[in-house]
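The values are calculated or read from the model by the stated rules, or taken from the named source; none is laboratory data. Here the structure is a predicted model, which means the values were calculated and not measured. Quick reminder, even Gly has a Cβ in these numbers, built from the backbone with ideal geometry, and neighbours come from all protein chains shown.
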Amino acid sequence: MENLYINDNPNLVYFPVVSFNYVNGVCEISGESYMEETYKFYQPLLKWLNDYIAEKKSIDFNFKLSYFNTSSSRSILEILEILRKYKVTGGKVNINWYYNIEDPDMVGEINGFEFETGLEIKAIAVDLK
Amino acid sequence: MDYNANHKKELDFTYEGPFNMRIISTLGKYLTDFLDTSYEARMGIYRVFIEICQNVSLYSFDRVWQNKKSSVGYGKLIIKDEEEKITVYTINKILDHHADILLENCNNLNNYSLDELSELKEKLRREASVEDLGAHIGLISIRLYSKNVIKFEIIDKPDEQGKYFAITATVIKTNN
């Protein structure tokens, strides 16, 4: 199994950068996410995660998204659902969400995902100005 | 004559055409780069802008093909930057039989509290297909990010054989 790195469209801000590391289990999605046909972009991420957790390794998932549209939020929910199922079967899962300290709307989104999935998501405020 | 002296500093622009993501994104970035407001206010405006434009892109009945593979919606956008607020207006064609249900959904949105809307958004998201979440959830997001009542209108244009759906979202610069 290999690392998953996606940064095919650095000039198109609506595609996030994806970096999933097989060796140390650190997975990150950063930037913004509001591309057309969102689910097609997220399909390989979901497959990678399912393959990875089949090996029973620990995972640290870092979200560093400053904006995602409603379609992307549905796919993010799919990611969290995979992590939740892994965790309830004994998998070691740690989830962080980095957000701008001046962005209370993002805190609301994080809380919503926590509520929906029952997962603990550590919200980490950073100064992105 | 000083050209700049006669220019007002607020931003107004109008766009009419296909709402593809590259165009939406460029306009959105330009809009937020132009604004001299807090990060919180800029992001509120940006999110409303993207969501309202995506509503046209996904659900306008007027479609424009791109790359022979997929189509995007055609519509019109007007941005008005006033002293304390930004208004984002879009209009696009809809199917006649969608008008009543669309208007009913929209009117309901304005009657919910923001907390109730957040709960409704989460419920609809959970139940939705990943391939198409439906227009309703996008409209809820617009209302949540704007934090203001959204103005919705169905415009009948008999000479153009159809109905049009117009949305006006307002974001207060200082409070958002």
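Here are the numbers for this structure:
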{"item": "Test: A:Arg74 is within 14 Å of the chain's Cα centre (by Cα), at pLDDT 95 or above and of a type in the set (D, E, K, R)", "result": "no"}
{"item": "Meets criteria (acidic (Asp, Glu), touching a strand residue (DSSP E or B) at 6+ places or on another chain (Cβ under 6 Å), surrounded by fewer than 21 Cβ atoms within 10 Å (Cβ to Cβ) and closer than 26 Å to B:Gly17 by Cβ) for B:Asp132", "result": "no"}
{"item": "Criterion: of a type in the set (Asp, Glu) and crowded, with 20+ Cβ neighbours inside 10 Å - qualifying residue of A:Glu102, A:Glu109", "result": "A:Glu109"}
{"item": "From the options B:Ser25, B:Ser71, residue that is assigned to a strand (DSSP E or B) and among the small types (Gly, Ala, Ser)", "result": "B:Ser71"}
{"item": "Flag if B:Thr174 is surrounded by 14 or more Cβ atoms within 10 Å (Cβ to Cβ), more than 10 Å from chain A (Cβ to nearest Cβ) and not in a helix (DSSP H, G or I)", "result": "no"}
{"item": "Positions within region B:18-27 being more than 9 Å from every other protein chain (Cβ to nearest Cβ) and buried (at least 17 other Cβ atoms within 10 Å of the Cβ), in sequence order", "result": "B:Pro18, B:Phe19, B:Leu27"}
{"item": "Index of the failed condition, B:Leu117 passing every other in (1) of a type in the set (A, V, I, L, M); (2) touching an Asp or Glu at 6+ places or on another chain (Cβ under 7 Å); (3) within 14 Å of another protein chain (Cβ to nearest Cβ)", "result": "(2)"}
{"item": "Condition check for A:Leu49: in contact with a Leu (Cβ under 8 Å, 6 or more places away or on another chain) and in a loop (DSSP other than H, G, I, E, B)", "result": "no"}
{"item": "Criterion violated by B:Ile137 - all others in (1) closer than 16 Å to B:Leu102 by Cβ; (2) in contact (Cβ under 8 Å) with a residue 24 or more places away in the chain; (3) in contact with a helix residue (DSSP H, G or I) (Cβ under 7 Å, 6 or more places away or on another chain) satisfied", "result": "(2)"}
{"item": "Search result, residues across region A:52-83 that are part of a helix (DSSP H, G or I), among the β-branched types (Val, Ile, Thr) and more than 12 Å from A:Phe113 (Cβ to Cβ)", "result": "A:Ile53, A:Thr70, A:Ile82"}
{"item": "Residue within region B:117-124 that is in contact (Cβ under 8 Å) with a residue 12 or more places away in the chain, of a type in the set (A, V, I, L, M), farther than 14 Å from A:Ser73 by Cβ and touching a strand residue (DSSP E or B) at 6+ places or on another chain (Cβ under 9 Å) present", "result": "no"}
{"item": "Search result, residues across region A:36-63 that are free of Cβ contacts under 8 Å to residues at least 24 places away in the same chain and crowded, with 16+ Cβ neighbours inside 10 Å", "result": "A:Glu36"}
{"item": "Region A:18-46, subset over 26 Å from A:Ala123 (Cβ atoms) and part of a loop (DSSP other than H, G, I, E, B), residue farthest from the other protein chains (Cβ to nearest Cβ)", "result": "A:Val23"}
{"item": "Condition check for B:Asn107: within 18 Å of the chain's Cα centre (by Cα) and assigned to a helix (DSSP H, G or I)", "result": "yes"}
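To keep it simple, each residue is scored yes or no on (1) within 11 Å of chain B (Cβ to nearest Cβ); (2) free of Cβ contacts under 8 Å to residues at least 12 places away in the same chain.
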position: A:Ser72; (1), (2): yes, no
position: A:Ser75; (1), (2): yes, no
position: A:Glu78; (1), (2): yes, no
position: A:Val93; (1), (2): no, no
position: A:Ile101; (1), (2): yes, no
position: A:Glu109; (1), (2): yes, no
position: A:Gly112; (1), (2): yes, yes
position: A:Leu119; (1), (2): no, no
position: A:Val126; (1), (2): no, no
